[in-house]
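A.B. asks: This is the structure I want to talk about, given as C-alpha cells.
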Amino acid sequence: MPDGALAPLSTLTRRLFADSPQLELRRSHLARAEFIDAATLDAIAASEAWQQTAAFIRRMIDERIPVLLFGDYDVDGSTAAFLLFRWMRARGASGNIFLPSRFRHGYGLDSGVIAQSVEQGYRALIALDCGTANLAEIAEARAAGLDVLVIDHHTPKDSLPDCTVFNPHLLEQLPPLCTAGLVLLAIMQLEEDPAALAGDELELAGLATLADIVPLVPENWYLVHQALRLLPGTGNLGAQELLKISQLHGIDIFTARQLAFQVIPRMNAAGRMRSAKLICDLLASQDREEARRQALQLDLLNRERKEVTDDNYRQAARQALGFEDAPALVLSDPGWHIGVLGIVAARIAEQFRRPAIVLSQSPQEAEMLTGSARSHGGLSLVESLAGCSAELESFGGHAAAAGVKLKRDALDAFREAWMDSVARIQSASASDEQAEVSPHEDWSLLPELRISEMSAVLEDELWLLAPFDTVLPAPRCRLSGVHVGRCSYMGRERTHLNLVLTDGQRQVRVAAFNMSHLQPRLQPGTSLQAVIELEPDNWNNQRSIMLRLIGLITEDGSQIS
Ligand SMILES: [Mn+2]
C-alpha cells in the first residue's frame, strides 16, 4: 500500500478542495491499489459486450486466426495496438499491427487497407481507437469474410457498426477510459497469471490516458497517478530511452506536466510527421542501441514538428484577425501541414478564446478539405458539428476535440452553418448557467491560506492527489496577510513575473505567467491578497509545490487579473 494512502487528509487540504468527494474516491482507489473496483469489474464481466470481446480475442489466440490490429496514429491508438498485440502474440496469436498514415489514409478504418488485408490472408480485424463510426468500412470487411471487433472510446453516431463494439459510450458500467485503458482492462481480465504480464502495461496505459486528455475520473486518475511513479523505473527499454532524450532522468516521480510537455509531444511527432509505427517499434524494442536510435528519431521529428507548427500558426493567426466578431473560427489554407492542424487549432482556440477549426487540403482527395477542431469555453464540438452536418462530408471525435472533412466549395456555407450552430448552443447554455455563478468569479469566496499554514504535509497531500483536471481542479485560494517582498521579470521576453511574497517572517515564491502587466502594482511593501493555484512541481528535480498567480485582490477589495 502506498505511503500515506490511508492517513486522513489534513483539514487544510480538505478545505482547499472544498471537501470534494473526489478526495475520498482517489484515496480509496489508492488504498485498494486497484484500477477498477471489484463490483464494477464484475458488472463489466457480466455484460454481453465484454463476453463477446473476450470470446473474440480468445478465439483469435486458440484458433490462430490471422488478425490485423488496426490502430490510430496518436499515443493512445498506437500504445493500445502495441499492448494488445504483444499480449496476444505471446499467447500464440498470429497477425500484425497496422497504423494508418494521416497522409495516405486519414483517420479511421480504410477500405483500401481492408481489401489489401483480405488479399494478404487476414481473416479478422480488431479496430483500436477507431471503428465506432466506420459503419461502411466494417460492412465491407464483413462482406469480404473478416471477423471484426471494435475497441474504441469515440462517440457513436446514430447507428452502430454490425459487429461487437467495446466502447464506454455503449456500456454504462465502463468508466470513460481511453483505448489503451480499455486494452489494459481486457488484458487484466483475460490473463489468468498476472505474473505472465510484461510489467510495463500499467505505466504505458497511464501515459496514453494522460496523452488522450480523457477526464480524470478515479479509474483514469489512478492510471496516470501510477504512471507518474512507475515510468521513472520502467523496464521498457524504448520508454527508458525516450525519457532520457526528453531530459527526464534521475527523477523519482514525474509531474503530469513533465510528461505532457516533454514526452508525449515527442511520441505524437511520429504520427504527425511520419508514421505512428515508430511508437510501436520503440515500445517493442529489445535492443538498447536500437531503442536509443528510435528515441533520437522521435526527438528530431518533434523538432521538425515545432518549426512547422510555429510557421502554420503564424499564418492561421493572421487569417483569424480577419474574423473579429465571429463566435468561432474556421481557417483554411491548402499549404498547411496535415500533421499539425490539431495543435494549430488548439493554439488558435486558446489565443482567440473561441472554438476553432483549422483546415488544409486533403492529401487523398484533391476536392476535399480536412481539418481539426478544438473547443473553447465548454462548447461540445460533436454537438455543434451535428447541428450543421449537412455541410460536412464527415466528422467525429469528442466534446473538446474533433476532426472534420468537407468539400472545398462548401467552405463558406459550412462556416456560416457552424457559426449558427455554435451561437445556438452558446445562447442555450448561457441561460442554463445564469443561476449558478462559479466561485472563481468572486474570489472573496475562495478559501484563505496563510504562509504559516504551508507545510510538508500540504505538499505531500497535493502530490498524493495530483494530477488535477476538470474532475478535481487544482486548488485555488487567497494567500492572505502578505505583502510584496520582490518582483522581477522572468523569461526571455520578460512576459512572466517572479513574485516574492512575505508575511514578515517567511516568504514564498509565486510565478505569474503572462502577467507582466501587473508589475506596476507589485511594488515592494504593497499589501494584497494573491489569488493562487497550487500544483506539484519538479523544477530542477526539486519536489515542491508551484504557486501560480491567477490574480490580485487589492486592499480596497478590487479584483485584478
Ligand atoms: Mn483515443
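The values are calculated or read from the model by the stated rules, or taken from the named source; none is laboratory data. A quick note: this is a predicted structure, and the numbers were derived from the prediction, not measured. All Cβ positions, glycine included, derive from the backbone under ideal geometry; neighbour counts span all protein chains shown.
A.B. asks: When region 31-89 is examined, which residues are found to be within 16 Å of the ligand (Cβ to nearest atom), of a type in the set (Ser, Thr, Tyr) and out of contact with any strand residue (DSSP E or B) (no Cβ under 9 Å at 6 or more places or on another chain)?
C.D. replies: Tyr73, Thr79
A.B. asks: A further question on this structure: Can you tell me which of (1) without any contact (Cβ under 8 Å) to a residue 40 or more places away in the chain; (2) away from the ligand (no atom under 14 Å from the Cβ) is the one Leu197 doesn't meet?
C.D. replies: Going through the list (1) without any contact (Cβ under 8 Å) to a residue 40 or more places away in the chain; (2) away from the ligand (no atom under 14 Å from the Cβ), Leu197 breaks only (1).
A.B. asks: Right, another one. Identify all residues within region 177-198 that are exposed (fewer than 15 other Cβ atoms within 10 Å of the Cβ) and not in a loop (DSSP other than H, G, I, E, B); write none if there are none.
C.D. replies: Listed by number, the residues that qualify are Pro194, Ala195, Ala196.
A.B. asks: Report whether or not Leu9 is away from the ligand (no atom under 16 Å from the Cβ) and closer than 21 Å to Pro176 by Cβ.
C.D. replies: No.
A.B. asks: Pro524: assigned by TED's automatic domain parsing to the domain that holds Asp556, closer than 13 Å to Leu449 by Cβ and not small (Gly, Ala, Ser), yes or no?
C.D. replies: no
A.B. asks: Now for a separate question. Given the options Val214, Val165, Val183, name the one that is farther than 18 Å from Tyr73 by Cβ and of a type outside the set (Lys, Arg).
C.D. replies: Val165
A.B. asks: Looking for something out of contact with any strand residue (DSSP E or B) (no Cβ under 7 Å at 6 or more places or on another chain), in contact (Cβ under 8 Å) with a residue 12 or more places away in the chain, farther than 21 Å from His169 by Cβ and away from the ligand (no atom under 16 Å from the Cβ) - is there at least one such residue anywhere in region 203-218?
C.D. replies: yes
A.B. asks: Can you tell me which residue among Gly131, Gly112, Gly108, Gly121 is of a type outside the set (Phe, Trp, Tyr), surrounded by 23 or more Cβ atoms within 10 Å (Cβ to Cβ) and not assigned by TED's automatic domain parsing to the domain that holds Ala400?
C.D. replies: Unique residue meeting the criteria: Gly131.
A.B. asks: Could I ask something else about it? Residues to consider are Leu84, Leu125; find the one that is aliphatic (A, V, I, L, M), under 16 Å from Ala141 (Cβ atoms), out of contact with any Pro (no Cβ under 6 Å at 6 or more places or on another chain) and at pLDDT 95 or above.
C.D. replies: Just one listed residue meets the conditions, Leu125.
A.B. asks: Taking the conditions exactly as written (crowded, with 20+ Cβ neighbours inside 10 Å, among the aliphatic types (A, V, I, L, M), without any contact (Cβ under 8 Å) to a residue 60 or more places away in the chain and more than 16 Å from the ligand (Cβ to nearest atom)), does Leu242 satisfy them or not?
C.D. replies: yes
A.B. asks: Can you find, within region 155-176, the residue that is farthest from the ligand (Cβ to nearest atom) among those that are aliphatic (A, V, I, L, M) and either surrounded by fewer than 23 Cβ atoms within 10 Å (Cβ to Cβ) or in a loop (DSSP other than H, G, I, E, B) (or both)?
C.D. replies: Leu160
A.B. asks: Examine region 114-126 for a residue that is under 22 Å from the mean Cα position of the chain (by Cα) and either touching a residue at least 60 places away in the same chain (Cβ under 8 Å) or farther than 26 Å from Leu341 by Cα (or both), and state whether such a residue exists.
C.D. replies: Looking through region 114-126, none of the residues is under 22 Å from the mean Cα position of the chain (by Cα) and either touching a residue at least 60 places away in the same chain (Cβ under 8 Å) or farther than 26 Å from Leu341 by Cα (or both).
A.B. asks: Taking region 503-561 on its own, how many of its residues are of a type in the set (Phe, Trp, Tyr) and part of a loop (DSSP other than H, G, I, E, B)?
C.D. replies: 1
A.B. asks: With the requirement that a residue be of a type in the set (Ser, Thr, Tyr) and within 16 Å of the ligand (Cβ to nearest atom), what does region 110-154 give you?
C.D. replies: Within region 110-154, Thr132 is the sole residue that qualifies.
A.B. asks: To continue, here is another question. Is it the case that some residue within region 221-230 is not assigned by TED's automatic domain parsing to the domain that holds Asn538 and not in a helix (DSSP H, G or I)?
C.D. replies: no
A.B. asks: Continuing with the same structure: Does any residue in region 440-467 that is farther than 22 Å from Leu25 by Cβ come within less than 8 Å, Cβ to Cβ, of a residue that is aliphatic (A, V, I, L, M) and part of a loop (DSSP other than H, G, I, E, B) six or more places away or on a different chain, and which pairs are these?
C.D. replies: Matching pairs, first to second residue: His440/Leu446.
A.B. asks: Something else now. Since Leu99 meets every condition but one in (1) modelled with pLDDT under 95; (2) within 16 Å of the ligand (Cβ to nearest atom), which condition does it not meet?
C.D. replies: Unmet condition: (1).
A.B. asks: Please pick out the residue among Leu283, Leu242, Leu259 that is in contact with a Phe, Trp or Tyr (Cβ under 8 Å, 6 or more places away or on another chain) and closer than 30 Å to Leu465 by Cβ.
C.D. replies: Just one listed residue meets the conditions, Leu283.
A.B. asks: Show me the strands (runs of 3 or more DSSP E) entirely contained within region 298-380 in which 3 or more residues are in contact (Cβ under 8 Å) with a residue 40 or more places away in the chain and surrounded by 15 or more Cβ atoms within 10 Å (Cβ to Cβ).
C.D. replies: Qualifying strands (runs of 3 or more DSSP E): 356-361, 368-374.
A.B. asks: Within region 249-276, track down each residue that is at negative phi and more than 20 Å from the chain's Cα centre (by Cα).
C.D. replies: Those that are at negative phi and more than 20 Å from the chain's Cα centre (by Cα): His249, Ile251, Asp252, Arg274.
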